[in-house]
Structures are given as structure tokens and as C-alpha cells.
1. Karplus couplings for segment 157-173 from phi (6.51 cos²θ - 1.76 cosθ + 1.60, θ = phi - 60°), rounded to Hz, Gly and Pro as x?
2. Find out how many positive minus negative residues lie around residue 150, taking Lys and Arg as positive, Asp and Glu as negative, among other residues whose Cβ is under 11 Å from that of residue 150.
3. Once amide H atoms are built 1.01 Å from N in the peptide plane, which residues 5 or more positions from residue 178, or in another chain, come under 5 Å H to H?
4. Using a Förster distance of 30 Å, how high is the FRET efficiency between residue 206 and residue 37, based on the Cβ-Cβ distance and rounded to 0.05?
5. For the peptides 20-29, 161-170, what is the packing order when you average, over each peptide's residues, the other Cβ atoms within 10 Å and list the highest mean first?
6. Want the number for residue 26 to residue 81: 0.36 nm per residue separation, take away the alpha-carbon distance, what's left?
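Values quoted throughout were computed directly from the atomic coordinates according to the rules given, and no laboratory measurement underlies them. Please read these numbers as outputs of a predicted model, since none were measured by experiment. Heads up, the Cβs are rebuilt from the backbone with ideal geometry, glycines too, and the neighbour counts pull from every protein chain shown.
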Amino acid sequence: MEPGRCTLCCAILHLFINVLLLILGMCLLGFGLAEETTQLSALISEEARIGSVAVVIGVILIVVTTLNCCFAIDGSSIFYYIYACFLVLLFTAMVALLIKYGLDCGTKVRSDIRTSMRQMMHYDPDSPGETGMDFIQQMFQCCGIDSYRDWYNVTENPYIPESCCILPECDTFNLQNIHREDCVTNMMKSVNSLFVRITAIGITITIFLPIQIAIVIFIKRCVKYDPVFH
């Protein structure tokens with residue numbers, strides 16, 4: 001293949017990967033916002049909230065890839081250097097984040113949820129209105145932190161709130177009428193679903209970043225000598 005056509009193919013591949021990274025940034029932003037806007041975010045500590053990290057990286061990736069599309073068409077030489085440096089920094093950050101959140105994020109989130117729910121598990125059957133624990137049990141169709149038996153330790157008399165009912169206003173003394181699943185397990189299913197999506201997008205971005213870095217370096221070295229770009 002002639003040098004000019006080879007460089008042109010690399011430029012087209014560069015734009016293709018750039019658009020792909022733009023789309024992945026949008027997906028990362030969307031799933032990050034979804035994680036941040038769930039009721040679970042209030043129960044998780046800042047260091048374990050992967051959604052906020054996904055939002056930041058998604059926004060940065062969208063802005064930089066959009067600018068790169070503009071400057072690639074314009075042929076700005078300086079921006080190629082800036083873009084390459086950004087890709088190197090982003091690649092380093094993505095590897096570090098994947099290692100950090102991939103090792104024990106699930107364990108940390110589970111611990112945070114359990115701790116937060118213990119603080120919420122103060123139930124007064126004579127008090128009107130729903131509590132935060134009621135809301136969680138109704139939303140996730142569960143009962144108790146690790147078991148419905150957790151409620152037996154809250155009040156002096158064995159009592160399970162109506163928010164554990166499968167059908168409204170049931171007799172909670174009859175265990176056939178309540179949800180038997182614990183809330184931590186059901187909530188972690190929701191967390192893991194978003195976590196897997198965000199992690200998959202992060203891994204995909206991390207795979208394409210070094211390819212894009214190599215292409216940018218190649219284009220920058222060849223573009224001033226290649227008649228295709230003149």
C-alpha cells in the first residue's frame with residue numbers, strides 16, 4: 001500500500017475509534033447517572049460509588065473526543081499532542097480505577113448497605129407514616145437486612161412491618177404472606193447489574209485507548225510529510 005493511502009487509512013481509523021470513544025463516553029455517563037440517581041446511592045459511601053467516577057470520566061471523554069473531531073478536520077498540530085497526552089493520562093487512570101473497583105468494590109458496597117440499613121432499622125409500629133426501611137423493602141420486595149428474622153431483634157415483641165407483605169395489609173405473623181428474600185441480596189443484584197455494565201464499558205475504553213495513542217503518534221509523525229494531507 002502506498003504511504004499516502006496508509007496514512008489516510010490510519011486517519012480514518014483514528015476518527016472511527018474517536019467516535020467509538022465518544023459513544024462509550026455517553027454510555028458511561030448514562031449508566032453513571034443511573035447509578036447516582038438510584039436510592040442505593042444514599043446508602044453507599046463516597047469511595048465506593050463508582051457512578052460518580054463514571055460520570056466524571058464520561059463527561060471528560062465526551063468533551064475531548066468532540067473537540068478532537070473538530071481539530072482533526074482542521075488539522076491542528078498542537079491539539080494532536082494535547083490529545084495524545086490526554087489519552088495516556090486517561091489510560092493510566094482507567095487501569096488504576098479498574099484495579100481499585102474490581103478488587104473489592106462489591107464487598108465494600110455490601111458492607112455500606114448493611115451498615116446504613118442497621119441505622120435505619122428502628123421501627124415503631126404505632127408511629128404513622130412510612131420509614132426509609134419501609135420504602136426499601138417495598139421497592140426491592142424484601143424483608144430485613146440479612147433475613148426477616150432481623151425484625152425480631154428490633155422490638156420487644158416479635159413484629160414484622162407491613163412493608164414486608166407480598167400483598168398490601170397482610171397478616172405478617174403468617175410468614176407465607178411476607179417476602180422471604182433479604183434486602184442486601186436483592187439490592188446487590190441491582191448494584192451488580194449497573195456495576196457490570198460500567199466495568200464492561202471501562203474495559204472497552206481501556207482496550208481502545210492504546211490503539212488510539214499509537215494511531216495519533218503515527219499520524220503526527222507522518223502527516224507533515226504525506227502529500228495526502230497537503
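1. Going residue by residue, I get 9, x, 8, 10, x, 5, 5, 7, 5, 6, 10, x, 6, 8, 8, 6, 6 Hz, with x marking Gly and Pro.
2. With Lys, Arg at +1 and Asp, Glu at -1, the net is +1.
3. Amide H neighbours of residue 178: 166.
4. 0.75
5. Ranked from most to least packed, the peptides come out as 20-29, 161-170.
6. Extending this stretch completely gives an extra 17.4 nm.
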